[in-house]
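So the structure is just underneath, and the comments pick up after that.
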Amino acid sequence: MKSLQELEEIRKRALDQIDLRKKGSGTRVVVGMATCGIAAGARPVLTKFVEEVNRHHLKDVVVSQTGCIGACRLEPMVEIYKGEDEKVTYVKVKPEMVAKIVAQHIVNGNPVIEYTIGYAEANNQ
């Protein structure tokens, strides 16, 4: 059994996470984890995002999963919502791409264009 103080700390952390999602400040990383995404390798991508966010000690970043994002041929797909900025969708994401996405996009605010949906479609990737 947890003490009341421990339970209150867990409650506060959970409310902070909910507040982060509601306010739109901070960053949300959403990995498509429908059957097609999982088959294409989304689970290791999700795990790598969690590891990288923790490695950088990013407290205002939430990594979550969702169902189908809508383009099976481009899986694994990752959507990043950063504050009030427009959503950026990364396609055909491999675990080895995640460190660059976190460092360049989430930490420094510069999306990795060559991993995005518009770039991939224009270059038939």
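Overview of values
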quantity	calculated
Residues being outside any loop (DSSP other than H, G, I, E, B) and more than 16 Å from G37 (Cβ to Cβ) - total across the range 82-100	5
Any hit, the range 69-81, residues being closer than 25 Å to A14 by Cβ and either assigned to a loop (DSSP other than H, G, I, E, B) or open to solvent by 60 Å² or more (accessible area, probe 1.4 Å) (or both)	yes
Hey, V31 open to solvent by less than 60 Å² (accessible area, probe 1.4 Å), within 21 Å of D16 (Cβ to Cβ), of a type in the set (A, V, I, L, M) and part of a strand (DSSP E or B) or not	no
Tally, over the range 50-60, of residues that are farther than 17 Å from M97 by Cβ, touching a residue at least 40 places away in the same chain (Cβ under 8 Å) and not in a loop (DSSP other than H, G, I, E, B)	0
Evaluation of F49 against (1) open to solvent by 60 Å² or more (accessible area, probe 1.4 Å); (2) within 29 Å of K12 (Cβ to Cβ) (one fails), failing number	(1)
Residue count, the range 36-46 (criterion: open to solvent by less than 60 Å² (accessible area, probe 1.4 Å) and assigned to a helix (DSSP H, G or I))	6
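The values are calculated or read from the model by the stated rules, or taken from the named source; none is laboratory data. Remember, it's a predicted structure, so these values are computed and weren't measured experimentally. FYI the Cβ positions are ideal-geometry reconstructions off the backbone, even for glycines, and counts take in every protein chain you see. Ligands, DNA and RNA are excluded from the accessible area calculation, which covers all protein heavy atoms including side chains. Shrake-Rupley method; radii C 1.70, N 1.55, O 1.52, S 1.80 Å.
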